[in-house]
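The values are calculated or read from the model by the stated rules, or taken from the named source; none is laboratory data. Quick caveat, the model's predicted, so the values are computed rather than measured. Here the Cβ positions follow ideal geometry from the backbone for every residue, glycine too, while neighbour counts run over all protein chains shown. Surface areas here come from the heavy atoms of the whole protein model, side chains and all, with no ligands, DNA or RNA. Shrake-Rupley method; radii C 1.70, N 1.55, O 1.52, S 1.80 Å.
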Amino acid sequence: MKRFFSEWYYRLTISMPFVSWFVVALLLGASAFFFKDFQLDASADSLVLENDKDLKYYRALRARYGSDDFLIVTYSPNGDLFSDAALADIKLLRDRLADLQRVASVTTILDVPLIDSPRVTLAELRRFTRTLEDDSTDRELARKEFESSPLYRNLLMSPDARTTALLVNFKRDEQYEKLLKKREDLREKQLHDSLSDEEQYQLAQATLDFKRYTVKTQAQQQSDIAEVRAILDRHRAMARIHLGGVPMITSDMIDFVRDDIRTFGVGVALFLIALLGIAFRRLRWVLVPMLICTSAVVVMVGLLGLAEWRVTVVSSNFISLLLIITLSLTIHLVVRHLELSSENPSAAQPWLLQETLRTKVVPSFYTALTTMVAFGSLVVSDIRPVIDFGWMMVFGVGIAFVLSFLLFPSALAMLKAGKAVSFGHDPTSAFTRILAQVIERHGRAVLLLYLLIVILSVIGISRLSVENRFIDYFKESTEISQGMVLIDQQLGGTTPLDVILDPDQDFFEYLAEERRLANASGEADDFESLPGEGGISADSFWFNIFELETVQLVHDYLESLPETGKVLSLATTMDLLTQINGDEPLDNFALSVMHKRLPTDIKETLFNPYMSADGNQVRFGIRVIDSDINLKRDALLKKIQSDLSEKLKLQPEQVKLSGMLVLYNNVLQSLFQSQILTLSAVFVAIMVMFLILFRSIKIALIGVVPTVVAAGLILGLMGWLGIPLDIMTITIAAITIGIGVDDTIHYVHRFREEVKVDGNYWAAVHRSHGSVGRAIYYTSVTITLGFSILVLSNFIPTINFGLLTGFAMVIALIANLTLLPLMIVRFKPLIAG
């Protein structure tokens, strides 16, 4: 059976190459058709944990208190902010932004309510709302109010009154919310119960509908941001302007992903062409490998379009990776073909091709399989973009293997064997020869050096951290970084965090009992004695003079934390209501009256964002300073939770934390677990494949050591250098093992053949270094330099990923040509003959 398939394979690729060409041409044509469906994704939802319970709570809070998906425009005029020219320009800017189709409102210093410019009473406030645009407003008093107001200071106005913010709110997308709710309801049911066949179909359809709709909304959002930027450009002569906010970051990251795909693809392709030309010095050895690489990319992009599989910032380097991996497979075929041609100068092309394929198909199959396993191990992560990246590369490597073994023989079958290329005295041969001599003469010293490396790596790994600042993901030259720094320093912080306080568990039982007793005794005449008759102060848990003291204590505590910037809550509202009340404290009656009689627009500003309609839940809106170098998110969240329970005597179940800070921290804290799971998965899978391939437990154990050392060294180096794990760098170790072990397979496979020649292990080492060692060198250099192209990214984690993975490939190369043969010689797991 094996011989039958081999003969058919040789016939279709070597004897009748046009058949293979026809099949590949059809595949490429079909793939190109789906290019139009290739999509990118950089939404906040693409960077959260799968099935994160905090995400569901976060979405519920957004529905109740409003979304944090708004744009922040910072405006620092060239002159006085309160001058006629500056205010007129802000007014024009506001009106232009408000005229955009999808903008619901624009909040500026011109249109927010003022209560102290000069002071207004509740009666006056009910008749009209004073703003900075009103003729009756005292501009100097307004300046002082903005500088001192607990609501506006560090929100709409910087402490030095030189920078203001315009908050651009977009219209609520009801269709988006409807599709999201339908999908999430079915997912929630799937987590706790089994779905029927009909419900499974509904979930699949809901997921597809939501994915397709988000593609439209993402395109619309990018168009909106472009329109906003065009408007801002018309005002930059009057002021220094920056744009910030989640929608802008999402839009810019999509541009980053698009630019990275283009830059990486073109950059790596040009580099590979130059490398092939220098290494092999013949046109065919440039054209054929690049044909295979390009075909693999075309098919993969078409597959992603067909499957509507969107590329994220994590998977934006998939084209460059696919080019590198495809070329590494092809180089082994090229080097083997050239070896055979050199050894058999009169041999015909069909024989050379058949012998090349025969000797390389098994090791190449297992190297492709180990690489697929390495990327496949990423699917055990809980982070969606990492999971998708893993699956993309699994399919990509499979496509690369198939196309390599179809196109390589088919292309060369139409060409003559050609003149052999001599490698006898090239730098590659010298490098591999020197390494063989070093380990033979100084084997003990080399082993001691690796032992030292392992010890230092373990110490470095113990120092690894997952704490990293979102602002550090971007170069300082990007508007994202510049805007975040300005907002952090002048406008109260960037990263939203919500602290939610619920009633004491006994509250509702107490309320029901009070109602029963009041009705039974007939003593329901007092305004506050019967719940439901005394206004919200009597009915609610928080909106009364007793619990508002607790709210103030919590507010003061949160504001005292060095990591927090602006804090807004019901305590802020109470400060303003006290001013309206002539700086006199309010009793429960006054609280109820004010809550009932305040104008709707004032109530929407002072109450709706910070208290539920029934007054039984309060929200503290916090902006955390992301640029603080001492920020430790997980420690901050645990400290808040602990202090509110232990110091302020709140019940633990009363306190809930939410917001983007919590969701992002959940991702970071999952990185250690994801790293352990991915490494365990790839280690076990590769061990199993080594056992299947070499049928020797000794070889299986020896074979994983070099790349494990390389991966450990990189993780240890990250620990020593203080480089934290992130959504990109957690993939380095698994990828290093998966790709690095490819060289191990090729080396061991060749060594087994060489040691059978004379049974001399050291002679086999020298011959292996002189043959397959060159191919290992070429592929490792290709991969290393290919990864270095990633430094052109605007996304810092991608840059770190490229540099660290490239360095890991160098270490894996050296380990496979030193540590691996040393261990083989010392333990002698291979039997000659």
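Is it the case that the range 757-769 has a residue that's among the charged types (D, E, K, R) and part of a helix (DSSP H, G or I)? It would help to see each step written out before you state the result.
Our first condition is that a residue be among the charged types (D, E, K, R); within the range 757-769, this holds for 758, 767.
Applying the additional criterion that residues be part of a helix (DSSP H, G or I) yields 758, 767.
Within the range 757-769, one or more residues are among the charged types (D, E, K, R) and part of a helix (DSSP H, G or I).
Please go through the range 448-468 and give me each residue that is open to solvent by less than 50 Å² (accessible area, probe 1.4 Å), aliphatic (A, V, I, L, M) and part of a helix (DSSP H, G or I), ordered by number. Break it down into steps so the answer makes sense when it comes.
Filtering the range 448-468 for residues open to solvent by less than 50 Å² (accessible area, probe 1.4 Å) gives 450, 453, 457, 460, 464-468.
Pick out the ones that are also aliphatic (A, V, I, L, M) and you get 453, 464, 466.
Answer for the range 448-468, where residues must be open to solvent by less than 50 Å² (accessible area, probe 1.4 Å), aliphatic (A, V, I, L, M) and part of a helix (DSSP H, G or I): just 453.
For residue 719, indicate whether it is assigned to a helix (DSSP H, G or I) and at pLDDT below 85.
Working: assigned to a helix (DSSP H, G or I): yes; at pLDDT below 85: no.
No, not satisfied.
How about the range 131-174: which of its residues are part of a loop (DSSP other than H, G, I, E, B), over 45 Å from the mean Cα position of the chain (by Cα) and not small (Gly, Ala, Ser)?
Step one: of the range 131-174, the residues part of a loop (DSSP other than H, G, I, E, B) are 131-138, 149-152, 154-156, 158-163, 171-173.
With the extra rule that they be over 45 Å from the mean Cα position of the chain (by Cα), the set shrinks to 134-138.
Matches in the range 131-174: 134, 135, 137, 138.
Tell me the helices (runs of 4 or more DSSP H) entirely within the range 582-681 that contain at least 3 residues that are free of Cβ contacts under 8 Å to residues at least 24 places away in the same chain and either of a type in the set (D, E, K, R) or open to solvent by 40 Å² or more (accessible area, probe 1.4 Å) (or both).
600-606, 633-646
Output the qualifying pairs, or none if there are none: Cβ atoms under 7 angstrom, residues six or more apart or on different chains, first residue in the range 198-215 and part of a helix (DSSP H, G or I), second residue small (Gly, Ala, Ser).
Once the first residue is part of a helix (DSSP H, G or I) and sits in the range 198-215, its partners that are small (Gly, Ala, Ser) give 214/43.
Name the residue, out of 708, 688, that is buried (at least 19 other Cβ atoms within 10 Å of the Cβ) and either under 30 Å from residue 751 (Cα atoms) or within 31 Å of the chain's Cα centre (by Cα) (or both). Spell out the reasoning first.
Values: 688 fails: buried (at least 19 other Cβ atoms within 10 Å of the Cβ).
The conditions single out 708.
Enumerate the pairs (first residue in the range 481-492 and farther than 15 Å from residue 157 by Cα; second residue anywhere and open to solvent by 50 Å² or more (accessible area, probe 1.4 Å)) with beta-carbon separation below 8 Å, excluding pairs fewer than 6 apart on the same chain, so at least 6 apart or on different chains.
Close Cβ pairs (under 8 Å, with a partner that is open to solvent by 50 Å² or more (accessible area, probe 1.4 Å)) amount to 481/475; 482/476.
So residue 423 clears everything in (1) aromatic (Phe, Trp, Tyr); (2) at pLDDT 85 or above; (3) not in a helix (DSSP H, G or I) except one condition, right? Which one?
The single condition residue 423 does not satisfy is (2).
Filter the range 553-581 down to the residues that are touching a Phe, Trp or Tyr at 6+ places or on another chain (Cβ under 8 Å) and outside any loop (DSSP other than H, G, I, E, B), then identify the one that is nearest to residue 125 (Cα to Cα).
Filtering the range 553-581 down to residues touching a Phe, Trp or Tyr at 6+ places or on another chain (Cβ under 8 Å) leaves 554-555, 558, 567-570, 572-573.
Adding the requirement that they be outside any loop (DSSP other than H, G, I, E, B) leaves 554-555, 558, 567-568, 570, 572-573.
Working: 554: 29, 555: 26, 558: 30, 567: 25, 568: 22, 570: 19, 572: 18, 573: 15 Å.
Only one residue fits best here, namely 573.
Here's the yes/no breakdown for (1) of a type in the set (D, E, K, R); (2) part of a helix (DSSP H, G or I); (3) open to solvent by 10 Å² or more (accessible area, probe 1.4 Å); (4) over 21 Å from residue 429 (Cβ atoms):
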site: 779; (1), (2), (3), (4): no, yes, no, no
site: 789; (1), (2), (3), (4): no, yes, yes, yes
site: 797; (1), (2), (3), (4): no, yes, no, yes
site: 810; (1), (2), (3), (4): no, yes, yes, no
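Just to be sure, is residue 532 modelled with pLDDT of 85 or more, within 25 Å of residue 611 (Cβ to Cβ) and of a type outside the set (Asp, Glu)? Please lay out each step first, then the result.
Details: modelled with pLDDT of 85 or more: no; within 25 Å of residue 611 (Cβ to Cβ): yes; of a type outside the set (Asp, Glu): yes.
No.
Determine if the range 387-405 includes at least one residue that is of a type outside the set (Val, Ile, Thr), in a helix (DSSP H, G or I) and over 34 Å from the mean Cα position of the chain (by Cα). Walk me through how you get there before you give the answer.
Going through the range 387-405, the residues of a type outside the set (Val, Ile, Thr) turn out to be 388-393, 395-396, 398, 400-401, 403-405.
Imposing the further condition that a residue be in a helix (DSSP H, G or I) reduces the set to 388-393, 395-396, 398, 400-401, 403-405.
Retained after the next criterion (residues that are over 34 Å from the mean Cα position of the chain (by Cα)): 405.
Yes, that holds for at least one residue.
Quick grid of which residues meet (1) at pLDDT 90 or above; (2) within 30 Å of residue 240 (Cβ to Cβ); (3) of a type in the set (Asp, Glu):
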{"residue": "171", "(1), (2), (3)": "no, yes, no"}
{"residue": "178", "(1), (2), (3)": "no, no, no"}
{"residue": "192", "(1), (2), (3)": "no, no, no"}
{"residue": "198", "(1), (2), (3)": "no, no, yes"}
{"residue": "216", "(1), (2), (3)": "no, no, no"}
{"residue": "222", "(1), (2), (3)": "no, yes, no"}
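Go through the range 762-773 and give me each residue that's under 20 Å from residue 704 (Cα atoms) and either out of contact with any Ser or Thr (no Cβ under 7 Å at 6 or more places or on another chain) or open to solvent by 10 Å² or more (accessible area, probe 1.4 Å) (or both). First the steps, then the outcome.
Within the range 762-773, the first condition is being under 20 Å from residue 704 (Cα atoms), and the residues that meet it are 765, 768-769, 772-773.
Within the range 762-773, 765, 768, 772 qualify.
Tell me which residues, restricted to the range 227-271, are under 20 Å from residue 106 (Cα atoms), among the hydrophobic types (A, V, I, L, M, F, W, C), open to solvent by less than 20 Å² (accessible area, probe 1.4 Å) and within 25 Å of the chain's Cα centre (by Cα).
Correct list: 243, 248.
With the checklist (1) of a type outside the set (S, T, N, Q); (2) open to solvent by less than 60 Å² (accessible area, probe 1.4 Å); (3) modelled with pLDDT of 90 or more; (4) not in a strand (DSSP E or B) in hand, flag the one item residue 125 doesn't pass.
(3)
Confirm whether residue 339 is assigned to a helix (DSSP H, G or I), charged (D, E, K, R) and without any contact (Cβ under 8 Å) to a residue 40 or more places away in the chain.
Against the criterion (assigned to a helix (DSSP H, G or I), charged (D, E, K, R) and without any contact (Cβ under 8 Å) to a residue 40 or more places away in the chain), residue 339 does not qualify.
Just to be sure I understand, how many residues within the range 171-197 are touching a residue at least 12 places away in the same chain (Cβ under 8 Å) and basic (Lys, Arg)?
5
How many of the residues making up the range 342-357 are touching a residue at least 40 places away in the same chain (Cβ under 8 Å) and either outside any helix (DSSP H, G or I) or open to solvent by 10 Å² or more (accessible area, probe 1.4 Å) (or both)?
So the count comes out to 7.
Tell me, please, whether a residue that is open to solvent by 10 Å² or more (accessible area, probe 1.4 Å) and part of a helix (DSSP H, G or I) can be found in the range 311-319.
Checked the range 311-319: at least one residue is open to solvent by 10 Å² or more (accessible area, probe 1.4 Å) and part of a helix (DSSP H, G or I).
Yes or no, residue by residue, for (1) surrounded by 17 or more Cβ atoms within 10 Å (Cβ to Cβ); (2) within 30 Å of residue 571 (Cα to Cα):
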{"site": "142", "(1), (2)": "yes, yes"}
{"site": "147", "(1), (2)": "no, yes"}
{"site": "164", "(1), (2)": "yes, yes"}
{"site": "180", "(1), (2)": "yes, no"}
{"site": "197", "(1), (2)": "no, no"}
{"site": "207", "(1), (2)": "no, no"}
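Can you spot a residue in the range 716-723 that is buried (at least 24 other Cβ atoms within 10 Å of the Cβ) and touching a residue at least 12 places away in the same chain (Cβ under 8 Å)?
Within the range 716-723, the first condition is being buried (at least 24 other Cβ atoms within 10 Å of the Cβ), and the residues that meet it are none.
No, that holds for no residue.
Of all residues in the range 125-159, how many are without any contact (Cβ under 8 Å) to a residue 12 or more places away in the chain and under 14 Å from residue 111 (Cβ atoms)?
2
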